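Notes follow once the structure below has been shown.
Any read-out appearing in this document is the output of simple, stated calculations on the displayed coordinates, not a laboratory observation. Fair warning: this is a prediction, and the values are worked out from it, not measured in the lab. Backbone-built Cβ (ideal geometry, glycine too); neighbour counts: all protein chains shown.
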Amino acid sequence: MAAPFDLNDDSVVVVIGTGAGGGVLSNELAQKGVSVVALEAGGRYLPQDYINDEWESFGQLAWLDPRTTSGDWRVAKDFSGLPAWIVKAVGGTTTHWAGASLRFQDHEWKARTNYGEVQGANLLDWPIDGAEMAPWYEKAEAKLGVTRTGDRAGLPGNNNFKVFEAGAKALGYEQVHTGRMAINSSDYDERPSCQQVGFCFQGCKFGAKWSAAYTDIPRGEATGNLEVREKAHVARIVHDASGKVTGVEYFDADGNLQMQKARIVCVAGNSFESPRLLLNSASSMFPDGLANSSGQVGRNYMRHMTGSVYAVFDKPVKMWRGTTMAGIIQDESRHDPSRGFVGGYELETLSLGLPFMAAFLDPGAWGREFTTALDMYENMAGMWIVGEDMPQETNRVTLNHDVKDQYGLSVANVHFDDHPNDIAMRNHAYKQGMAVYDAVGATRTFPTPPYPSTHNLGTNRMSENARDGVVNKWGQTHDIANLFISDGSQFTTGAAENPTLTIVALAIRQADHIAREMSAGNL
Amino acid sequence: MTTTPRSLTRRALLQQSVAAGAAFVVGSGYVAGSSAAWAMEVQHLQPETMATLIQMARDIYPHDHVGDEFYAAAVKGYDSADAAPGIEAGVAALNAAAVGAGHASYLAAGWERDRVDILRGMENSPFFQMVRGGLVTGLYNQKAVWPLFGYEGESFSKGGYIDRGFDDISWL
């Protein structure tokens, strides 16, 4: 099935990474008859391989290569070597994601215009908008089978949602429902409906949740136009004297350095690895790294303003039963500066199993204040906060030349300081989240700090002008015509919504553009 | 997990052992609960050291409905040739701090709050942080502990919760 392409075949598009961006792009190109070699650093795991056990699954799927951290964010203290909770596997973090699939709101595409000057923030308008993206969102929603879009019904609410919904309504919130989820509420696209297993983060063993691992990837391979090389860790993108990229050097599964020639290279390694690769590809012609004439490669790192609120009640909830992210409150996602911050946030239910609750409820805490909370685990409900954070030039991914990975390559250092807007929004969200639970009789509430980041955005951002960012409105780098960015690192701003749907929509759109430009002889 | 060595019948154990604090007895090469409900052999650590470590583990993450055997299992990995010297040194420092606070030893401090005060005084030490950090998985990732908190673990083999109460909340 898989089409083996020769290393010297310089007609192929090389896609680096196979997650929401790279996995979708690879399939979409393959469906159009374009030859694609996808290089994936991780191995291949399918539903039968996924493990209903938090730590064991983490060991199977998580990206654990060394990284370093700095800045005032609490993750740098609690999880200094693990700034992100993302996946190293075919399908990337679509294996792990919760499935929340929300379109950006119209105002969020133009954050600089709508929020105005925010001191310390490097806000910029996207060069695209909601009208431009609407048809691509529709394709993405159909691909993912998003509930409450098209004619797809919502999921049923679990116990955690029922507590959340009752509290939200008592508080007067109106936009409360079981979410727009890439989890089947009935059979769809050869995948079954959700069986309420409760291990969405560990890979859906029923395949009810969309993941590129068992949809786009095998479908692309079935065309004969896509070859996925697993355990292929890209070291460097190379270019010719004219400045066009010509191929990719990678370490294969046996640790041998290989060189795959390419007509076009698309980078989709998540917001740490993508800029790291561009920076590690520095040459005499591009001493600051590829596509970095703006100096923006690695900058404007965003991770969403996050946090969680857990609460204990006097009766059981059993929040771990069923969909991990089982519902949403959208009333706070509006832009309303009267709350003391620009942008907005979503509240989404979340549950962790006992092992991860012990690790994440209050990292580093000990003694009875902590353990009496865990004693009430069965009576806990939980929600996650996800809001728009401010892009800051100094929040950035750089190369740490003092620390090398298993291939001897400099690792990414991730620096992040909270912006005052992020802090004001988080405090507001904590207060509202605790009020939701208090309204239904919580006996204790816990404003829980952010986990390692799963929404990593912005480090190769999209801009109208080449001086402001790394890629244009197609994800094509301003500097190098046949080099594209295809993941969340191209986000100009983060919006309040979980990013996967937008990454997928951009990838579908980018595939259309690349195929058209190839046909026209422009690429 | 902990095991009761074949030679250590309850009677033999209680006859051969000496008290280590209120909760534990120790003998040659083992530490056990004072009720002799469980016992654990130690090869590299002094039995008193392991008893102290188990008490320290409980004081860091006290759950009154979780038996000592689970704390013992959580720290059993430190009974290795590599880890033992560091643990002996760490526990010696813990006992020295206890003596400084007017107790004969850490285990001799009868009130949890006294022991916690001693721990607070050393909570930034690498020894404390190693033990605390190790417990996060060592204690809470024991499958045998999960039911004590109501957590049900894997559900795929049972078909998830679609027919097993994912939405059975009745008190709202």
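Just in segment B:106-172: which chymotrypsin sites (Phe, Trp or Tyr not before Pro) are loop by DSSP and have at most 10 other Cβ atoms within 10 Å? All intermediate terms of the calculation are to be shown ahead of the outcome.
Numbers: sites: B:Tyr106, B:Trp111, B:Phe127, B:Phe128, B:Tyr140, B:Phe149, B:Tyr151, B:Phe156, B:Tyr161, B:Phe166, B:Trp171; in loops: B:Tyr106, B:Trp111, B:Tyr140, B:Tyr151, B:Tyr161, B:Phe166, B:Trp171.
Filter output for segment B:106-172: B:Trp111.
Per residue of B:56-65, other chain Cβ atoms within 10 Å of the residue Cβ number 3 on average. Rounded to the nearest 20, the Cβ-based charge dipole of segment A:415-523 about its Cα centre (Lys and Arg +1, Asp and Glu -1) stands at 180 debye.
Normalised size of segment B:46-158, defined as Cα radius of gyration per 2.2 N^0.38 Å with N residues, equals 1.14. Remark: for residue pairs A:Lys77/A:Lys169; A:Lys143/B:Lys143; A:Lys162/B:Lys143; A:Lys162/B:Lys76, the C-alpha separation exceeds 32 Å in A:Lys77/A:Lys169; A:Lys143/B:Lys143; A:Lys162/B:Lys76. The longest part of chain A holding none of the exposed loop GluC sites (Glu not before Pro), meaning those outside H, G, I, E and B in DSSP with at most 11 other Cβ atoms within 10 Å, is A:191-523.
The label-point distance for B:Asp82 and B:Ala22, in a model that sets each label 7 Å from Cα toward Cβ, rounds to 3.8 nm. A Förster radius of 30 Å, combined with the Cβ-Cβ distance separating A:Gln175 from A:Thr372, puts the computed FRET efficiency at roughly 0.30. Toward the positive end of the charge dipole of segment A:229-319, with +1 on the Cβ of Lys and Arg and -1 on the Cβ of Asp and Glu, the farthest Cα among A:Leu278, A:Ser242, A:Tyr310 is that of A:Tyr310. Debye calculation, C-alpha points only, no solvent: report log10 I(q)/I(0) for the protein assembly as shown at q = 0.11 Å⁻¹, in the same order as the q values. So the normalised log intensities are -1.12. Between segment A:374-413 and segment B:88-161, how many Å separate their Cα centres? Computed from Cα coordinates, the inter-centre distance equals 27 Å. Comparing Cα centroids, segment A:61-110 and segment A:162-202 end up 22 angstrom apart. Please say if segment A:130-209 is rounded, prolate or oblate, where rounded means a/c under 1.5 for a ≥ b ≥ c the square roots of the C-alpha gyration tensor eigenvalues, and otherwise the choice is prolate for a/b larger than b/c and oblate otherwise? Verdict is oblate for segment A:130-209.
How big is the dipole moment of segment B:8-106 about its Cα centre under a simple scheme where the beta carbon of each Lys and Arg is +1, that of each Asp and Glu is -1, and everything else is neutral? Debye, nearest 20, please. Walk me through the numbers on the way to the answer.
On the way: 4 positive and 9 negative charges, 52 e Å.
Using Cβ point charges on Lys, Arg, Asp and Glu, segment B:8-106 gives about 260 debye.
The stretch between A:Ala222 and A:Ser519 holds 104.7 nm of extra length on full extension. This uses 0.36 nm per residue minus the Cα-Cα distance. If a helix is a whole DSSP H run, which ones in chain A reach 24 Å or further along their own axis (Cα) and hold a mean Kyte-Doolittle hydropathy of at least -0.5? The qualifying helices are A:500-519.
Treating the beta-carbon of each Lys and Arg as +1 and of each Asp and Glu as -1, no other charges, what is the dipole magnitude of chain A about its Cα centre, to the nearest 20 debye? Working shown, then result.
Numbers: 45 positive and 62 negative charges, 71 e Å.
Charge dipole, chain A, about its Cα centre: 340 debye, nearest 20.
A dipole drawn for segment A:99-246 from +1 and -1 charges on Cβ atoms has a positive end, and of A:Gly157, A:Ala134, A:Gly120 the residue lying farthest that way is A:Gly157.
Of the beta bridges DSSP finds with both residues in the protein assembly as shown, what % are antiparallel, to the nearest 5?
Among the beta bridges of the protein assembly as shown, antiparallel pairing accounts for roughly 75 percent.
Placing unit charges on the Cβ atoms of the charged side chains and taking the dipole of chain A about its Cα centre, the candidate lying farthest along the positive direction among A:Ala212, A:Ala496, A:Val440 is A:Val440. Rounded to whole numbers, the Karplus 3J(HN,Hα) couplings from phi for segment B:105-121 are 6, 4, 5, 7, 6, x, 9, 4, 5, 5, 5, 5, 4, 5, 5, 4, x Hz, using 6.51 cos²θ - 1.76 cosθ + 1.60 with θ = phi - 60°, and x at Gly and Pro. Scanning residues 5 or more positions from A:Thr454 or on other chains, those with amide H under 5 Å from its amide H are A:Trp85, with H placed 1.01 Å from N in the peptide plane.
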